[in-house]
Amino acid sequence: MRRSLRGDLPPRVRDAQPDDIEPLARLWFDGWHDAHARLLPPELVQDRSVERLRERLEQMLARVRVAGGRGAPLGFHVVDGDELNQLY
């Protein structure tokens, strides 16, 4: 079992809250750019700004599940129907 940064407890998985949006947008931005920026056209990379990812998170907040405490997420996923849409 993976341990959390909070000691012996595993990270809590929960529904995302509005105060998670900003740190989730930063987590998504960092992960996306690390994995994709060198491989994709500059126009697409430019569209993956923190602001754009924040907007997307706001739109899909009801489908976002977060691992970690409120306002300090360690990771997240988004389910779209029966499809895993995002995993960070």
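Per-residue 3J(HN,Hα) values for segment 53-66, derived from phi via the Karplus relation 6.51 cos²θ - 1.76 cosθ + 1.60 with θ = phi - 60°, read 5, 4, 4, 5, 4, 4, 5, 10, 3, 5, 9, 9, 10, 10 Hz in sequence order (x marks Gly and Pro).
Placing a label point 7 Å from the Cα of ASN85 along the Cα-to-Cβ direction, the residues of segment 52-75 whose backbone N falls under 12 Å of that point are 56-65.
Please list the equivalent ellipsoid semi-axes of the chain, computed as the square roots of five times the alpha-carbon gyration tensor eigenvalues, in descending order and whole angstrom. Mind dumping the intermediate values first?
Details: eigenvalues 110, 44, 31 Å².
Computed over the chain, the values are 23, 15, 12 Å.
Under a Gaussian network description of the chain, with springs only between Cα atoms under 10 Å, the residue in ARG54, ARG65, ARG12 that fluctuates furthest is ARG12. The listed residues ARG38, ARG14, ARG70, ARG63 rank as ARG38, ARG70, ARG63, ARG14 when sorted by accessible area, largest first, using a 1.4 Å probe.
Normalised by the number of residues in the chain, the average gap of Cα pairs under 8 Å and 6 or more apart makes the relative contact order 34 percent. Among PRO73, PRO18, PRO42, the largest mean-square fluctuation in a Gaussian network model of the chain, built with springs joining Cα atoms closer than 10 Å, belongs to PRO42.
The values are calculated or read from the model by the stated rules, or taken from the named source; none is laboratory data. Just so you know, these numbers come straight off a predicted model, no measurement behind them. Don't worry about glycine lacking a Cβ; one is built from the backbone with ideal geometry, like all the others, and counts go over all protein chains shown. Quick note on the areas: whole protein, heavy atoms, side chains included, nothing else; ligands and nucleic acids left out. Shrake-Rupley method; radii C 1.70, N 1.55, O 1.52, S 1.80 Å.
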